[in-house]
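Student: Can you keep this structure in mind? I'll have questions shortly.
The values are calculated or read from the model by the stated rules, or taken from the named source; none is laboratory data. Because the structure is predicted, anything quoted here is derived from the model rather than measured. Cβ: placed from backbone, ideal geometry, glycine included. Neighbour counts: every protein chain shown.
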Amino acid sequence: MDIVQPTKYFKLLWLWIALSSIVLIEPSPCDILFVFCFAAACLFSYLSFSDAVFFPLLLLALFIEANLISLLFAAEDPLGATRFYLITLYLAFSWVFLIGLFQRYGGVVLDYLFSGYMVAALIAAAVGITAYFHVIPYAETFLYFGRAKGLFKDANVYGPFLIPAVLYGLYRFEARHDWKQFLWLLAVVFLSIGILLSFSRAAWGNYFICVFLYFLLPPWPPFEVRVKKGLILFLLLLPVLIFVLTHSDVSSLFTQRLGFQSYDSDRFGTQIASLQLAVEHPLGIGAGQTERVLDYSTHSLYIRVLTESGLLGFFSFLSLVILTVLRSLRDNFRISTATPYAAIVTASLAGVLFNSFFIDTLHWRHFWLLLALPWVPWGGGKAVENRADCHPIR
């Protein structure tokens, strides 16, 4: 039996995601809109949870409980620890919210989410690129030590945020067979320039991993089609990137960022000190307390979780991540579940998890979105998936 789709509500979800790159202020517009989306979903019963998500929900609950326990040991800054914990809790709720939507409506929601995400990424890239070349007034507001950051607070968040949109643009470029494919191609090139100008080394690595995996994972179009369109993309992207890199400011900062940075030793030293704290405090030192205790961020999601949430928090969170990755990979290699969206999600998830070795991604909104996306019940269950809405490549 088909489930009636609340189209107007899906448009509200689209707007929520489309505003997700405007985060210079907190709470951001998307945070405020999320409250309305969540309340409406609860009021009108738009959420559903099957037995298939019981275990990941349990792991998330254990992670949140471990964070709560660690608050008891946050003697240095209990108020700051509580604030950090509440932000984590809020993002965990966004994950649960998305899981509930996917369980009820399946892949139908993805068109709205990815379309909104593309708009958000294009807005962020447009602000970041124009600010970098000082085309817009108050350009310095949208730069981070000379690096493009768009409407984010940090260039290291701005760059990775654009990458899933690049993959979505690649998919739509390959799927189209009319003049509109050129627009998608331009979007991919534009977003790629935005990522370059973030000058985030982790984002660059994230980008190459994602694009490589996207082209490697099924479902793919016929080989000759992929070679042809890949060649078109290369012929357009290469001269544009060369032109951008010949700009004196870009080339000098690019060369500088490729080398060892003065603060890299501080990062590594803090990570070693954090691991020592984790050994001494197996229940954790409290949410967000690394900066307070060590005067520096861990610059690693995994080390932060281990140090601040303790062993229970680390293993429950790591188990959730591993389970999500395995499910995402499974969806790519099963005929009944393999879709272009599955390839986009798996590649994007792999890229952000790589990024997480070098940047603390725990409070990235799109990180929790990517953790939720593999739990779309392609195979059926309570959700009704309309595969025609996923624009399969023919």
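Student: Which residue out of Leu33, Leu59, Leu47 is surrounded by 15 or more Cβ atoms within 10 Å (Cβ to Cβ) and touching a residue at least 60 places away in the same chain (Cβ under 8 Å)?
Tutor: Numbers: Leu33 fails: touching a residue at least 60 places away in the same chain (Cβ under 8 Å); Leu47 fails: touching a residue at least 60 places away in the same chain (Cβ under 8 Å).
Of the residues listed, the single one that is surrounded by 15 or more Cβ atoms within 10 Å (Cβ to Cβ) and touching a residue at least 60 places away in the same chain (Cβ under 8 Å) is Leu59.
Student: Pairs only if they're at least six apart or on different chains, beta carbon under 6 angstrom, first in region 177-200 and surrounded by 22 or more Cβ atoms within 10 Å (Cβ to Cβ), second of a type in the set (S, T, N, Q); list them, first residue then second.
Tutor: Ser200/Asn156
Student: Can you work out which of the residues in region 99-123 that are within 12 Å of Phe10 (Cβ to Cβ) and among the aliphatic types (A, V, I, L, M) is modelled with the lowest pLDDT?
Tutor: Among those that are within 12 Å of Phe10 (Cβ to Cβ) and among the aliphatic types (A, V, I, L, M), it is Val108.
Student: Moving to a separate point now. For region 107-143, what are the residues that are among the aromatic types (Phe, Trp, Tyr) and not in a helix (DSSP H, G or I)?
Tutor: Step one: filter region 107-143 for residues among the aromatic types (Phe, Trp, Tyr), giving 112, 114, 117, 132-133, 138, 142.
Answer for region 107-143, where residues must be among the aromatic types (Phe, Trp, Tyr) and not in a helix (DSSP H, G or I): Phe133, Tyr138.
Student: Go through region 323-339 and give me each residue that's of a type in the set (Ser, Thr, Tyr) and either in a loop (DSSP other than H, G, I, E, B) or under 20 Å from Ala203 (Cβ atoms) (or both).
Tutor: Of region 323-339, the ones of a type in the set (Ser, Thr, Tyr) are 324, 328, 336-337, 339.
Listed by number, the residues that qualify are Ser336, Thr337, Thr339.
Student: Same structure, new question: Scan region 81-110 for residues that are over 16 Å from Pro374 (Cβ atoms) and among the polar types (S, T, N, Q) and report the count.
Tutor: The qualifying residues number 2.
Student: Looking at this structure, is Ala342 more than 12 Å from the chain's Cα centre (by Cα), of a type outside the set (Ser, Thr, Tyr), in a helix (DSSP H, G or I) and at pLDDT below 95? Spell out how you get there, then give the answer.
Tutor: On the way: more than 12 Å from the chain's Cα centre (by Cα): yes; of a type outside the set (Ser, Thr, Tyr): yes; in a helix (DSSP H, G or I): yes; at pLDDT below 95: yes.
Considered against the rule, which asks whether it is more than 12 Å from the chain's Cα centre (by Cα), of a type outside the set (Ser, Thr, Tyr), in a helix (DSSP H, G or I) and at pLDDT below 95, Ala342 comes out as yes.
Student: Checking the condition touching a helix residue (DSSP H, G or I) at 6+ places or on another chain (Cβ under 6 Å) and of a type in the set (A, V, I, L, M, F, W, C), which residue from Val96, Val119 passes? Please lay out each step first, then the result.
Tutor: Numbers: Val96 fails: touching a helix residue (DSSP H, G or I) at 6+ places or on another chain (Cβ under 6 Å).
Being touching a helix residue (DSSP H, G or I) at 6+ places or on another chain (Cβ under 6 Å) and of a type in the set (A, V, I, L, M, F, W, C) holds for just one of Val96, Val119, which is Val119.
Student: So, one more: Has region 70-93 got any residue that is under 30 Å from Ile193 (Cα atoms) and either crowded, with 20+ Cβ neighbours inside 10 Å or in contact (Cβ under 8 Å) with a residue 40 or more places away in the chain (or both)?
Tutor: Step one: of region 70-93, the residues under 30 Å from Ile193 (Cα atoms) are 91.
Among the residues that remain, those that are also either crowded, with 20+ Cβ neighbours inside 10 Å or in contact (Cβ under 8 Å) with a residue 40 or more places away in the chain (or both) are: 91.
Within region 70-93 (the criterion being under 30 Å from Ile193 (Cα atoms) and either crowded, with 20+ Cβ neighbours inside 10 Å or in contact (Cβ under 8 Å) with a residue 40 or more places away in the chain (or both)), the answer is yes, since at least one residue qualifies.
Student: Continuing with the same structure: Tally up the residues in region 355-378 that are part of a helix (DSSP H, G or I) and under 17 Å from Ala155 (Cα atoms), please. Walk me through how you get there before you give the answer.
Tutor: Within region 355-378, the first condition is being part of a helix (DSSP H, G or I), and the residues that meet it are 355, 365-375.
Now drop any that are not under 17 Å from Ala155 (Cα atoms), which leaves 355, 365-367.
Residues that pass the stated criteria total 4.
Student: Can you name the residue in region 16-30 that is surrounded by fewer than 19 Cβ atoms within 10 Å (Cβ to Cβ) and in contact (Cβ under 8 Å) with a residue 12 or more places away in the chain and, of all such residues, is nearest to the chain's Cα centre (by Cα)? Reasoning before the result, please.
Tutor: From region 16-30, those surrounded by fewer than 19 Cβ atoms within 10 Å (Cβ to Cβ) are 22, 24-29; that's our starting set.
Filter again for in contact (Cβ under 8 Å) with a residue 12 or more places away in the chain, leaving 22, 24.
Values: Ile22: 15, Leu24: 17 Å.
Residue satisfying both the conditions and the ranking: Ile22.
Student: Condition first: modelled with pLDDT under 80 and of a type in the set (D, E, K, R). Can you find one or more residues in region 251-258 that meet it?
Tutor: Here is the first cut: in region 251-258, the residues modelled with pLDDT under 80 are 251-258.
Of the ones still in play, those that are also of a type in the set (D, E, K, R) are 257.
Within region 251-258, one or more residues are modelled with pLDDT under 80 and of a type in the set (D, E, K, R).
Student: All but one of (1) modelled with pLDDT of 95 or more; (2) surrounded by fewer than 16 Cβ atoms within 10 Å (Cβ to Cβ); (3) more than 30 Å from Glu76 (Cα to Cα); (4) among the aliphatic types (A, V, I, L, M) hold for Leu311; state the number of the condition that does not hold.
Tutor: Result: Leu311 passes all but (3).
Student: Answer yes or no: is there a residue in region 162-175 that is without any contact (Cβ under 8 Å) to a residue 24 or more places away in the chain and assigned to a helix (DSSP H, G or I). Steps first, answer last, please.
Tutor: Pass one, region 162-175, residues without any contact (Cβ under 8 Å) to a residue 24 or more places away in the chain: none.
No, the conditions are met nowhere in region 162-175.
Student: Only one of Val227, Val211 is of a type in the set (A, V, I, L, M, F, W, C), out of contact with any strand residue (DSSP E or B) (no Cβ under 9 Å at 6 or more places or on another chain), surrounded by fewer than 18 Cβ atoms within 10 Å (Cβ to Cβ) and in a helix (DSSP H, G or I). Can you tell me which? Reasoning before the result, please.
Tutor: Working: Val211 fails: surrounded by fewer than 18 Cβ atoms within 10 Å (Cβ to Cβ).
Result of the check over Val227, Val211: Val227.
Student: Another question, if that's okay. Give the number of residues within region 283-303 that are under 16 Å from Val352 (Cα atoms) and part of a helix (DSSP H, G or I).
Tutor: Within region 283-303, the first condition is being under 16 Å from Val352 (Cα atoms), and the residues that meet it are 299-303.
Retained after the next criterion (residues that are part of a helix (DSSP H, G or I)): 301-303.
Of the residues in region 283-303, 3 are under 16 Å from Val352 (Cα atoms) and part of a helix (DSSP H, G or I).
Student: Assess whether Leu170 counts as being closer than 17 Å to Ser356 by Cα, of a type outside the set (Gly, Ala, Ser) and surrounded by 24 or more Cβ atoms within 10 Å (Cβ to Cβ). Walk me through how you get there before you give the answer.
Tutor: Details: closer than 17 Å to Ser356 by Cα: no; of a type outside the set (Gly, Ala, Ser): yes; surrounded by 24 or more Cβ atoms within 10 Å (Cβ to Cβ): yes.
So Leu170 does not fit the description; no.
Student: Just to check your reading of the model, which residue among Leu277, Leu306, Leu320 is farther than 23 Å from Pro56 by Cα and in a helix (DSSP H, G or I)?
Tutor: On the way: Leu306 fails: farther than 23 Å from Pro56 by Cα; Leu320 fails: farther than 23 Å from Pro56 by Cα.
On inspection, the qualifying residue turns out to be Leu277.
Student: A further question on this structure: In the set Val279, Val250, which member is in contact (Cβ under 8 Å) with a residue 40 or more places away in the chain and either buried (at least 17 other Cβ atoms within 10 Å of the Cβ) or more than 26 Å from the chain's Cα centre (by Cα) (or both)?
Tutor: Working: Val279 fails: in contact (Cβ under 8 Å) with a residue 40 or more places away in the chain.
Being in contact (Cβ under 8 Å) with a residue 40 or more places away in the chain and either buried (at least 17 other Cβ atoms within 10 Å of the Cβ) or more than 26 Å from the chain's Cα centre (by Cα) (or both) holds for just one of Val279, Val250, which is Val250.
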